[in-house]
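Structure, as structure tokens:
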Amino acid sequence: MKVYDAATVRNVALVGHSGAGKTQLASAILFDAGMVNRLGKVDDGTTVTDFDDEEIARKHTLASSLAYAEWNKTKVNLIDTPGIANFLADAQAALRVSDAALVVVDAVSGVEVQTEKVWEAADALELPRVVVLNRYDRERASLDRSLESLHAAFGRTVVPIQIPIGNEKTFKGVIDLVSMKAFTFEADGSSTMVEGPVPAGSAEAAQASREALIEMVAEADDQLMEKFFEAGTLTQDELVSGLRKAVFGRRVCPLVCTSAILNVGIQPMLDAIVQLLPTPADRECKAVHAKTGAEVTVAASDTAPYAAFVWKTVADPFAGRISMFRVMSGVLRSDSTVYNLTRETPERLGHLVLLEGKTQTDVPEIKAGDLGAVAKLKDTVTSDTLADKGGVRFAPIVFPEPVLSYAMEPRSRGDEDKISSSLQRLQEEDPSIRSSRDPQTKELLLSGQGQVHIEVTVAKLKRRFGVEVNLKPPRIPYRETITASTEAQGRHKKQTGGHGQFGDCSITMEPLPRGADFEFVDEIFGGSIPQQFRPAVEKGIQDARLRGFLAGYPVVDFKVTLVDGKFHPVDSNELSFRMAGRLAFKDGMSRARPTILEPIMNVEIYAPNDFAGDLMGDLNGRRGRIGGMDTRGGMTVIKAQVPMAEMLTYEQQLTSATGGRGSYHMEYSHYEEVPSHLQTKIIAAAKAEKAGEAEEEE
Ligand SMILES: Nc1nc2c(ncn2[C@@H]2O[C@H](COP(=O)(O)OP(=O)(O)OP(=O)(O)O)[C@@H](O)[C@H]2O)c(=O)[nH]1
Ligand SMILES: [Mg+2]
């Protein structure tokens, strides 16, 4: 029966820069553990964890997926995560339910931009980690150079517990520095492993590396440090138990060497995972008591009340919704009813399953600490807690706000509704996308983390839901604001036969700090405008400010105070005051010295040192402000703030300038005023667009 106790489970997420070999590594692990009977390859589209059509087509992981390997009587749960920057949120979600991270690093490139991002994410969750130096069979692979970049980025806690035998094409095994044994492989993809003594030629290097490891382990613990000073070394037992403790306390991040494609070093790595990484029972998770709000810790104990955390949802048009969860405490049983504490509603659990990529195995129950999934939950979505009333709730996963929006056009008329409903389903699966309607152009907008993210979402729409859309070029979400305070008045008056229309309001407008959006204050004393019409004034101003003043972008970061007005006992109504509000806004804007704001991005660029000068020059040309520059081994890290409008074509530029060796990460920072010569262009473009639309309508 496939039910595992916490002590026999390890939950690890494979994280790291795209192309480091996470998926291939998962594939080799599953093969060596006998979970599958051939070594699946990313390049052939035959891995367990990249099963989605879009992943196979692109040869990249686009969503986290779950698999498990049984190794030394232990269930190693593996979450293969995407390395492409646009999908970072999914890697972060995976880390939330992991007890350790396997940080996969390319032995040629060393640390890359996404390596840093996942490292930061693991730091924030206080997760122990193992560094897997993969692709060691490639030309220019180097342990020394990789260590140099790892040390520069993350400090000296990264310590080899194995050293490679052979290099590049001759890489065929590793020397384990704890057992001082050599493990060699056929390097042909088979699982054959031969254990032997340390080869004579490597004895000295192995001894020196072992001593460095012993020193780091001793340093991590005061008692061991004393023993180390007395004896000059540690006993084997002290090393083994000390290393485990040091890993757990994040004083040592062990490094192992592998070639996932040739199946070299995978089994010693699995041994290290089982021996050195904490079990769910070793770690306590933070939670909040649902009733009292008190912070509590939850232990992975089967006898505690059940509590499970949903970390991922998959929207399958046929199988329905699949919810992936971690049982944080207690036991979850198939065919039982549980309570969704977040939505405050009962949920019926059907068959609980273990996942091996897309393959499901029914299980009667899933115990504390283990990962599993269940289909067809009614109301449950990502970040929800399943636990009894009065139980504990886990903090929701924070997904990044979208940074880029594209307008979509349905290919066939009448598909609009289907697009909206399908996007809603996809949003359940990927909360970092948004869909909305542009208030000015009425176009359907799809917002996400970047171009790849949007393209993948559009491809999913087609493959899974059969709807096709055309994407228009991305729109920069400019904003407008005011820079001066002013008084303004709006009067709407119409005489049409019987009842007329009359509304009049006086307002003041003043700038607010960036990010404050919009504030409306009613400061009318007495009844110059009757209470029931005042909200209409605010509505009118809201309508108008969302339509913009200079170039059709929403006006933000200002405050309107309603100070006075007039009304007519017969002719005044809501509509009249709404119109008056609009007119007052327009009147005020003409004097409030309006200006245009643009989004500024935080950008981090990683590239080999030789390119640093060119890249800095290029950033200057993009109106970038360089915030810092650092070297990590042979790589330069540049941090800069750059307007989003200048970054739309950056990906292609960086790839061609660095021959594909540079990488970057970008996230939204804040809004800033656009220089005035560029404002003129934005205004002209908006006018041209409007004129074009008017023509179309004719
Ligand atoms: N030579 C060599 N190639 C490898 C090795 N591991 C993976 N590759 C290749 O490197 C490429 C990327 O491997 P993946 O496993 O897809 O990398 P990933 O880290 O999952 O990438 P993302 O899914 O984009 O985050 C593929 O072409 C693999 O065949 C290795 O050890 N040696
Ligand atoms: Mg992958």
Residue list for region 168-185, filter: outside any helix (DSSP H, G or I), surrounded by fewer than 17 Cβ atoms within 10 Å (Cβ to Cβ) and touching a residue at least 24 places away in the same chain (Cβ under 8 Å):
Met180
Being open to solvent by 30 Å² or more (accessible area, probe 1.4 Å), over 45 Å from the mean Cα position of the chain (by Cα), of a type in the set (Phe, Trp, Tyr) and at negative phi narrows Phe525, Phe520 down to just Phe525
For region 432-442, state whether one or more residues are among the basic types (Lys, Arg) and assigned to a loop (DSSP other than H, G, I, E, B).
yes
Could you look through region 1-34, keep only residues that are of a type in the set (Ser, Thr, Tyr) and within 7 Å of ligand 1 (Cβ to nearest atom), and pick out the one that is nearest to Tyr68 (Cα to Cα)?
Thr23
I'd like the full set of residues that are open to solvent by 30 Å² or more (accessible area, probe 1.4 Å), more than 13 Å from ligand 1 (Cβ to nearest atom) and within 20 Å of Thr382 (Cβ to Cβ), limited to region 35-92.
Gln92
Residues satisfying the stated conditions in region 399-411, i.e. open to solvent by 20 Å² or more (accessible area, probe 1.4 Å), within 18 Å of Val452 (Cβ to Cβ) and assigned to a loop (DSSP other than H, G, I, E, B):
Phe399, Pro400, Glu401, Pro402
I need a count of the residues in region 412-428 that are open to solvent by 30 Å² or more (accessible area, probe 1.4 Å) and either in contact with a helix residue (DSSP H, G or I) (Cβ under 6 Å, 6 or more places away or on another chain) or under 25 Å from Leu648 (Cα atoms) (or both).
1
Picking from Val296, Val264, Val314, the residue that is surrounded by fewer than 16 Cβ atoms within 10 Å (Cβ to Cβ) and over 10 Å from Met328 (Cα atoms) would be Val296
So which of Gly660, Gly613 is over 21 Å from the mean Cα position of the chain (by Cα) and farther than 25 Å from Leu88 by Cα?
Gly613
Taking Phe248, is it surrounded by 15 or more Cβ atoms within 10 Å (Cβ to Cβ), among the aromatic types (Phe, Trp, Tyr) and over 17 Å from Ile161 (Cβ atoms)?
no
Can you tell me which residue within region 7-43, out of those that are in a strand (DSSP E or B) and of a type in the set (A, V, I, L, M), is farthest from ligand 2 (Cβ to nearest atom)?
Val9
Please list, ordered by first then second residue, the pairs with beta carbon atoms under 8 Å, 6 or more apart or interchain, first in region 191-211 and farther than 15 Å from Gly166 by Cα, second part of a helix (DSSP H, G or I) and at pLDDT 95 or above.
Ser191/Phe31; Ser191/Asp32; Ser191/Gln267; Met193/Gln267
Of all the helices (runs of 4 or more DSSP H) wholly in region 53-163, which have at least 1 residues that are away from ligand 2 (no atom under 15 Å from the Cβ) and within 14 Å of the chain's Cα centre (by Cα)?
88-96, 113-124
Among the listed residues Lys367, Lys358, Lys389, Lys376, which satisfies the condition of being within 27 Å of Pro278 (Cβ to Cβ) and open to solvent by 30 Å² or more (accessible area, probe 1.4 Å)?
Lys367
Boolean, Leu125 is crowded, with 19+ Cβ neighbours inside 10 Å and of a type in the set (A, V, I, L, M, F, W, C)
no
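The values are calculated or read from the model by the stated rules, or taken from the named source; none is laboratory data. Remember, it's a predicted structure, so these values are computed and weren't measured experimentally. No Cβ is skipped: glycine too gets one built from the backbone with ideal geometry, and neighbour counts run over all protein chains shown. Side chains are part of the model used for accessible areas, which takes the heavy atoms of the whole protein and leaves out ligands, DNA and RNA. Shrake-Rupley method; radii C 1.70, N 1.55, O 1.52, S 1.80 Å.
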